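> Pasting a structure below so you can have a look.
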Amino acid sequence: MSDKTLLHLDLIQLVYAYALILLSVSLAHFRQIGQERQMLWASLRMVVQLLAVGYLLQLVFTVRSPLMVILILLTMTGFSLQVMGSRIKQRMPHFYRIMGSSIMIGCGGVTFYFCLLVVGYSPWYDPRYLIPLAGMIIGNSMNGASLAAERLTSEMRERHDELETALCLGATARQAAEPALRTAYRAALIPTMNTMAATGIVALPGMMTGQILSGTEPMLAVRYQIAIMCAITASVAITAFLILLQGYRGYFTQADQLRNTL
Amino acid sequence: MLQLQQLTTARNFLTDITWSCQAGELTAVIGPSGGGKSSLIRLINRLEDPSDGQILLAGRDIRELPPPLLRQRVGMMLQKAFMFEGTVLDNLQQPFRYRKEALPGAEHPEVLRSIGLARLSPDYLQRDARTLSGGEQQRVNLARALINRPELLLLDEPTSALDRPTTDSLGQTLLEICRSEGLAVIMVTHDLRLARRISDQTVYLEAGRIVEAGKTAELFAQPQSEGLRTFLAEPDEQEA
């Protein structure tokens, strides 16, 4: 990254950027379309949250303590669980335990693999790399995880007759649930697959754009983007797989009977 | 071959059920709705478990068998004949998939035997199972249950969605299979006419208890309890 090409944004320039939001709000107000209050509130929240995160990151980057980095990663995981829990209305049995462990193993495993083996920086807890990469990986996996959990619940409910017929014919719980698991896994992966297919043609990814804007050579930014896409895809796939693998069991008893929760 | 000993389910829904049946015997389970008929047969292939009591299949407690193996030996036709996506042959192959065995083709002796017993012609094998009529789907359901060569077959209202001629013909098929294969059949039904025509034994269940059980002809001719007399006299039940 060279400082020659890096363009700084000062406060005045940020005010100019925020003026675009004010323009949208006044347009909504004068044409009486509504949503101006919500738009203002959401944009202010965004500014405050990002500024807070900025200060926090600056602090963390200065302190460079592994304990603090781990604590931040755990907080991120906790928030993602809270968001998923509030978004999903009908939850599978043992929802938080399953989602928590799957995100920890899926996202955590991929993040450390990516940081240590792919990027290979030192020390391993360098917050400048670990936190933004973990954030991208957890954020994307959260959507896949929610889709997997939500779809599993609806599939298990809709396929009640099919599940019971399969059990009556001698299927194990796993064999009976197989079609539901396959559909839920596909649903969890579709957004990531679509993003991969459209990247570079329909849209330039945010991380790559950010790197280019801050002065990185396009080819280096592209290489980073390819690597991070691979990590996100693996993380979504592993997290969804772990959720489904643990999740379906909650619908059956040890004797391969359907529980009354359906 | 099947013995139910003092079965009781949670919250005493079924209470103190003791009863047995023999191979080659067709039993009808009758009684008012909500009396526990379906719950009773669901205990026999362990779709549910009793809170107390024991079920013996050929002298052995069914809990000693792995549930998938038990359900191969105790076949069950559910009220709604669910058809898996694909042809009739795909549906008949399903139990082989679960057992991780080589899938039988349309000429396989087990396939031909089971569709023969269910009175389906081999032309049906390549037809889309989900486009068949209700009666045809119940016959596929029957053939699919028979392909596991069960010792005992449980039927939960198998004719509830069928018209009279289809019901009669399916009932006749069941009776023939029961006799020719030495299969024990337990059928839950609301159809008293069918129960009377094809069953050897009848169990009358009311509010989770067996009120009367015995030979069908005797039970229908001389009901001992007030409950069964009233139940048999219900016009709806007679017409069913």
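> Please indicate, with yes or no, whether at least one residue in segment B:38-52 is acidic (Asp, Glu), touching a helix residue (DSSP H, G or I) at 6+ places or on another chain (Cβ under 6 Å), farther than 27 Å from residue B:128 by Cα and surrounded by fewer than 21 Cβ atoms within 10 Å (Cβ to Cβ).
Our first condition is that a residue be acidic (Asp, Glu); within segment B:38-52, this holds for B:48-49, B:52.
In the following step, the residues that additionally are touching a helix residue (DSSP H, G or I) at 6+ places or on another chain (Cβ under 6 Å) were identified as B:48.
After this cut, where a residue has to be farther than 27 Å from residue B:128 by Cα as well, the list is B:48.
From what is left, the residues that are surrounded by fewer than 21 Cβ atoms within 10 Å (Cβ to Cβ) are B:48.
Yes, some residue in segment B:38-52 is acidic (Asp, Glu), touching a helix residue (DSSP H, G or I) at 6+ places or on another chain (Cβ under 6 Å), farther than 27 Å from residue B:128 by Cα and surrounded by fewer than 21 Cβ atoms within 10 Å (Cβ to Cβ).
> Does residue A:188 satisfy being of a type outside the set (Asp, Glu), crowded, with 19+ Cβ neighbours inside 10 Å, without any contact (Cβ under 8 Å) to a residue 60 or more places away in the chain and part of a helix (DSSP H, G or I)? First the steps, then the outcome.
Numbers: of a type outside the set (Asp, Glu): yes; crowded, with 19+ Cβ neighbours inside 10 Å: yes; without any contact (Cβ under 8 Å) to a residue 60 or more places away in the chain: yes; part of a helix (DSSP H, G or I): yes.
Spelling it out, residue A:188 is indeed of a type outside the set (Asp, Glu), crowded, with 19+ Cβ neighbours inside 10 Å, without any contact (Cβ under 8 Å) to a residue 60 or more places away in the chain and part of a helix (DSSP H, G or I).
> Listed residues A:170, A:135; which is of a type in the set (Gly, Ala, Ser), outside any helix (DSSP H, G or I) and surrounded by 14 or more Cβ atoms within 10 Å (Cβ to Cβ)?
Values: A:135 fails: outside any helix (DSSP H, G or I).
From the options A:170, A:135, the qualifying one is A:170.
> Go through (1) touching a helix residue (DSSP H, G or I) at 6+ places or on another chain (Cβ under 8 Å); (2) modelled with pLDDT under 95; (3) closer than 28 Å to residue A:99 by Cβ; (4) assigned to a helix (DSSP H, G or I) for residue A:243 and report which single condition fails.
The single condition residue A:243 does not satisfy is (2).
> In segment A:231-262, what residues are free of Cβ contacts under 8 Å to residues at least 24 places away in the same chain and either more than 13 Å from residue A:92 (Cα to Cα) or crowded, with 21+ Cβ neighbours inside 10 Å (or both)?
A:253, A:254, A:255
> Okay, next question. Surrounded by 15 or more Cβ atoms within 10 Å (Cβ to Cβ), of a type outside the set (Ser, Thr, Tyr) and touching a strand residue (DSSP E or B) at 6+ places or on another chain (Cβ under 9 Å): is that true of residue A:155 in this structure?
Values: surrounded by 15 or more Cβ atoms within 10 Å (Cβ to Cβ): yes; of a type outside the set (Ser, Thr, Tyr): yes; touching a strand residue (DSSP E or B) at 6+ places or on another chain (Cβ under 9 Å): no.
When the stated conditions are applied, residue A:155 does not pass them.
> Report whether or not residue B:123 is surrounded by fewer than 17 Cβ atoms within 10 Å (Cβ to Cβ) and more than 21 Å from residue B:183 (Cβ to Cβ). Walk me through how you get there before you give the answer.
Working: surrounded by fewer than 17 Cβ atoms within 10 Å (Cβ to Cβ): yes; more than 21 Å from residue B:183 (Cβ to Cβ): yes.
Against the criterion (surrounded by fewer than 17 Cβ atoms within 10 Å (Cβ to Cβ) and more than 21 Å from residue B:183 (Cβ to Cβ)), residue B:123 qualifies.
> Has segment B:81-101 got at least one residue that is within 14 Å of chain A (Cβ to nearest Cβ) and touching a residue at least 60 places away in the same chain (Cβ under 8 Å)? Please lay out each step first, then the result.
Start the filter on segment B:81-101 by keeping residues that are within 14 Å of chain A (Cβ to nearest Cβ), which leaves B:81-86, B:90-101.
Remaining after also requiring touching a residue at least 60 places away in the same chain (Cβ under 8 Å): B:81.
Within segment B:81-101 (the criterion being within 14 Å of chain A (Cβ to nearest Cβ) and touching a residue at least 60 places away in the same chain (Cβ under 8 Å)), the answer is yes, since at least one residue qualifies.
> Still on this model: One residue is enough: does segment A:192-208 have a residue meeting the conditions surrounded by fewer than 19 Cβ atoms within 10 Å (Cβ to Cβ), within 14 Å of chain B (Cβ to nearest Cβ) and in a helix (DSSP H, G or I)?
No: zero hits.
> For residue A:130, are the conditions met, namely being surrounded by 16 or more Cβ atoms within 10 Å (Cβ to Cβ) and either within 14 Å of another protein chain (Cβ to nearest Cβ) or touching a residue at least 40 places away in the same chain (Cβ under 8 Å) (or both)? Please lay out each step first, then the result.
Details: surrounded by 16 or more Cβ atoms within 10 Å (Cβ to Cβ): yes; either within 14 Å of another protein chain (Cβ to nearest Cβ) or touching a residue at least 40 places away in the same chain (Cβ under 8 Å) (or both): yes.
Judged against the criteria, residue A:130 is a match.
> Whether any residue in segment A:164-172 is out of contact with any Phe, Trp or Tyr (no Cβ under 8 Å at 6 or more places or on another chain), of a type in the set (A, V, I, L, M), within 14 Å of chain B (Cβ to nearest Cβ) and touching a residue at least 40 places away in the same chain (Cβ under 8 Å) is what I want to check.
Yes: segment A:164-172 contains one or more residues that are out of contact with any Phe, Trp or Tyr (no Cβ under 8 Å at 6 or more places or on another chain), of a type in the set (A, V, I, L, M), within 14 Å of chain B (Cβ to nearest Cβ) and touching a residue at least 40 places away in the same chain (Cβ under 8 Å).
> Restrict the check to segment B:135-148 and report whether at least one residue is out of contact with any strand residue (DSSP E or B) (no Cβ under 8 Å at 6 or more places or on another chain), surrounded by fewer than 20 Cβ atoms within 10 Å (Cβ to Cβ), without any contact (Cβ under 8 Å) to a residue 40 or more places away in the chain and not β-branched (Val, Ile, Thr). Steps first, please.
Within segment B:135-148, the first condition is being out of contact with any strand residue (DSSP E or B) (no Cβ under 8 Å at 6 or more places or on another chain), and the residues that meet it are B:135-137, B:139-140, B:143-144, B:147.
Of the ones still in play, those that are also surrounded by fewer than 20 Cβ atoms within 10 Å (Cβ to Cβ) are B:135-136.
Narrowing further to those that are without any contact (Cβ under 8 Å) to a residue 40 or more places away in the chain: B:135-136.
Among the residues that remain, those that are also not β-branched (Val, Ile, Thr) are: B:135-136.
Among the residues of segment B:135-148, at least one is out of contact with any strand residue (DSSP E or B) (no Cβ under 8 Å at 6 or more places or on another chain), surrounded by fewer than 20 Cβ atoms within 10 Å (Cβ to Cβ), without any contact (Cβ under 8 Å) to a residue 40 or more places away in the chain and not β-branched (Val, Ile, Thr), which makes the answer yes.
> Continuing with the same structure: Only one residue in B:69, B:7 is outside any strand (DSSP E or B) and either of a type in the set (A, V, I, L, M) or at pLDDT 95 or above (or both), so which one is that? Talk me through it step by step, then tell me what you get.
On the way: B:7 fails: outside any strand (DSSP E or B).
Among B:69, B:7, only B:69 is outside any strand (DSSP E or B) and either of a type in the set (A, V, I, L, M) or at pLDDT 95 or above (or both).
> State whether one or more residues within segment A:174-183 are away from chain B (no Cβ under 14 Å) and either closer than 19 Å to residue A:135 by Cβ or touching a helix residue (DSSP H, G or I) at 6+ places or on another chain (Cβ under 6 Å) (or both). Show your work before the answer.
Residues of segment A:174-183 away from chain B (no Cβ under 14 Å): A:181.
From what is left, the residues that are either closer than 19 Å to residue A:135 by Cβ or touching a helix residue (DSSP H, G or I) at 6+ places or on another chain (Cβ under 6 Å) (or both) are A:181.
Taking every residue of segment A:174-183 in turn, at least one turns out to be away from chain B (no Cβ under 14 Å) and either closer than 19 Å to residue A:135 by Cβ or touching a helix residue (DSSP H, G or I) at 6+ places or on another chain (Cβ under 6 Å) (or both).
> Among (1) closer than 18 Å to residue B:109 by Cβ; (2) assigned to a loop (DSSP other than H, G, I, E, B); (3) over 12 Å from the mean Cα position of the chain (by Cα), there is one condition residue B:150 misses while meeting the rest; what is its number?
(3)
> Give the residue that is surrounded by the fewest Cβ atoms within 10 Å (Cβ to Cβ), with candidates limited to residues of segment A:49-95 that are more than 16 Å from the chain's Cα centre (by Cα), free of Cβ contacts under 8 Å to residues at least 24 places away in the same chain and under 22 Å from residue A:141 (Cα atoms).
Selected residue: A:89.
> If you scan segment B:173-200, which residues turn out to be surrounded by 21 or more Cβ atoms within 10 Å (Cβ to Cβ) and of a type outside the set (Gly, Ala, Ser)? So that I can check it myself, show each step before the final result.
So the first thing to find is which residues in segment B:173-200 are surrounded by 21 or more Cβ atoms within 10 Å (Cβ to Cβ), and the list is B:174, B:178, B:183-189, B:191, B:194-195, B:198-199.
Listed by number, the residues that qualify are B:174, B:178, B:183, B:185, B:186, B:187, B:188, B:189, B:191, B:194, B:198.
The values are calculated or read from the model by the stated rules, or taken from the named source; none is laboratory data. This is a predicted model, so every value here is computed, not measured. Cβ atoms come from the backbone with ideal geometry, glycine included; neighbour counts cover every protein chain shown.
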